[in-house]
Amino acid sequence: MSMTTSEPGSKPTAGATLQEQARRHLWMHFTRMGEYSEEHEIPIIVCGEGCYVYDEHGKRYLDGLASLFCSQLGHGRYDLVQAGVEQAKELGYFSSWSYTHPRAIELATRIAQLAPGDLNRVFFTNSGSESVESALKLARQYHRIMGKPHKHKLIAREIAYHGTTFGALSATGVTDYRTPFEPLPPGASHVPNTNMYRYPEGRDPMELAEAVAKRIEFEGPDTVAAVIMEPVQNAGGCLLPPDGYFDRIREICDEYDVLLISDEVICSWGRLGTYFGSERIGYQPDIITTAKGITSAYAPMGAVIATDRVAEPFMQGTNTFLHGSTWGGHPVVAAIALANLDAFENEHVLEHVRENESRFRAMLDSLSELPIVGDVRGMGYFYAIELVKDKETKESFNAEESESLLRGYLSREMFERGLICRSDDRGDPVVQLSPPLIADQQQFDEIEAVLRPVLEEAGRRMRVQGH
Ligand SMILES: Cc1ncc(COP(=O)(O)O)c(C=O)c1O
């Protein structure tokens, strides 16, 4: 029987295939739904094991992006789910509003033990956006309690992605994501990011840090609450900070009494080879926002981790952080997060990343010989390959070329050949790799076996100099 499920007005139809149901009823995130048709299927991933996932036709893919930078331990970890099941038998749910339960307490304590310096107070959320949203509200209320009610503004970086809720979106520096929803909450502004590949030769990289001081001066120091930055900026393609950058940012924040929020939604839980990205880069944030890998993606969870200095005023008298959500610190999810952290320890996950990252890097570096590869950058298990039209001049692709390169060829071709990774042009076009933290040489070889011929062909198609 032919299905009518894709027609407007139609209700769910018995016997429709998953493809038909998805095309008709599911609203996928950040997805051009109109591009799917009977000829161009929606990828439906049905199961996974280790670094691999399988689609509805049984085809295997190497998950080169850890789903969305979050499947730290890989797929099929029944033991993590089992920890949630055991918890549900004991206590399926109780709220964090005026009550708590053992798993939230244990997880907060465990996170405080792992977090750098005096980051000792943990507020649970359900996603990265919610963590950023909560941190922004925390920064504002902190200054208000401290008698500086005008400190409400935020400084973020261009092209950085900090999430989609209105507050978090005001921090996000991607114009296309902002424009449809303007006006956004006022007060956020953006300074240049640290794309050192495109930084003018001979110019002092520390000017990038000074731009933050200048912006604070411009806005008026009495009005600025916080600076938000990722240790390694994801959007734009794994942008590393130049040496000394965060030391200077820390000094600037101290000088102007501005809180430094380290957005580690991606860069924590081993992605950079340490529990927290700020630890690897070597700076001390006032607040860390995290999510994703905290449960290795077996359940949704996020957290805001505050220093004693930031949290203490909220612990006095009747002061209250006037913020919360029903699910924050959910016991089943907290149990899964605890099991995840047990696995990190027992299976030496961080050691594995640090031992193997140079091999991963060496494989990616070997792709630099291809004319289309302008730059390879990143650290830990988090890398980007920037694609260029001309290696000598670093000329990039224009918007139309980038569309045809990334969406017209690269993404589909890599997927077709069984590799899930990300091609992205929120900044200049990049391919990003961020596999589960259990990946080793076998997966690096498989990634290369797909990437090399696909990038060669992409170079030919785009008439890149040198092909
Ligand atoms: C740095 C950063 N912050 C915030 C977010 C938003 O997280 P979520 O998608 O869980 O809301 C992301 C998501 O990728 C992120 O990379």
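The values are calculated or read from the model by the stated rules, or taken from the named source; none is laboratory data. This one's a predicted model, so the numbers in the text were calculated from it and none came from an experiment. All Cβ positions, glycine included, derive from the backbone under ideal geometry; neighbour counts span all protein chains shown.
Being within 19 Å of Asp375 (Cβ to Cβ) and in contact with a helix residue (DSSP H, G or I) (Cβ under 9 Å, 6 or more places away or on another chain) is a condition met by at least one residue of segment 203-221.
Residues that are more than 30 Å from Ser95 (Cα to Cα) and basic (Lys, Arg) within segment 126-163 comprise Lys148, Lys151, Lys153, Arg157, listed in sequence order.
All of Tyr177, Tyr199 fail the test of being touching a Pro at 6+ places or on another chain (Cβ under 8 Å) and either more than 22 Å from Tyr256 (Cα to Cα) or within 13 Å of the ligand (Cβ to nearest atom) (or both), apart from Tyr199. Keeping to segment 234-279, report how many residues are closer than 30 Å to Gly147 by Cα, within 16 Å of the ligand (Cβ to nearest atom), of a type in the set (D, E, K, R) and in contact (Cβ under 8 Å) with a residue 40 or more places away in the chain. Counting residues in segment 234-279 that are closer than 30 Å to Gly147 by Cα, within 16 Å of the ligand (Cβ to nearest atom), of a type in the set (D, E, K, R) and in contact (Cβ under 8 Å) with a residue 40 or more places away in the chain gives 1. Criterion applied to Thr164, Thr125, Thr172 was being β-branched (Val, Ile, Thr), within 13 Å of the ligand (Cβ to nearest atom) and surrounded by fewer than 20 Cβ atoms within 10 Å (Cβ to Cβ), and the one residue passing it is Thr164. Within segment 342-397, being hydroxyl-bearing (Ser, Thr, Tyr) and surrounded by fewer than 20 Cβ atoms within 10 Å (Cβ to Cβ) holds for Ser358, Ser366, Ser368, Thr393, Ser396.
Among the numbered conditions (1) part of a loop (DSSP other than H, G, I, E, B); (2) modelled with pLDDT of 95 or more; (3) outside the structural domain of Arg412 (by TED's automatic domain parsing), the only one that Glu38 does not meet is (2).
Counting only residues that are part of a helix (DSSP H, G or I) and under 17 Å from the mean Cα position of the chain (by Cα), which one in segment 280-308 is nearest to the ligand (Cβ to nearest atom)? So the residue we want is Lys292. Every condition in (1) within 16 Å of the ligand (Cβ to nearest atom); (2) within 16 Å of Val132 (Cα to Cα) is met by Gly187 except one, and the failing one is (1). Under 7 Å between Cβ atoms, at least 6 apart or on separate chains: pull out the pairs that start in segment 157-176 with a residue that is assigned by TED's automatic domain parsing to the domain that holds Leu208 and end on any residue that is of a type in the set (Phe, Trp, Tyr) and within 7 Å of the ligand (Cβ to nearest atom). Within 7 Å, the pairs are Thr172/Tyr161; Val174/Tyr161. Of the residues that make up segment 73-86, is at least one assigned by TED's automatic domain parsing to the domain that holds Ala303 and either more than 29 Å from the chain's Cα centre (by Cα) or modelled with pLDDT under 95 (or both)? For segment 73-86, residues assigned by TED's automatic domain parsing to the domain that holds Ala303 and either more than 29 Å from the chain's Cα centre (by Cα) or modelled with pLDDT under 95 (or both): present.
Yes/no per residue for (1) touching a Gly at 6+ places or on another chain (Cβ under 9 Å); (2) surrounded by fewer than 22 Cβ atoms within 10 Å (Cβ to Cβ):
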residue: Ile111; (1), (2): no, no
residue: Gly147; (1), (2): no, yes
residue: Lys151; (1), (2): no, no
residue: Leu154; (1), (2): yes, no
residue: Glu158; (1), (2): yes, yes
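In summary, Ile266 fulfils each of the numbered conditions (1) in a loop (DSSP other than H, G, I, E, B); (2) surrounded by fewer than 22 Cβ atoms within 10 Å (Cβ to Cβ); (3) in contact with a Ser or Thr (Cβ under 8 Å, 6 or more places away or on another chain) with the single exception of condition (2). Considering segment 114-197, the qualifying strands (runs of 3 or more DSSP E), each wholly inside and each with 3 or more residues that are farther than 27 Å from Met301 by Cβ, run over 188-191.
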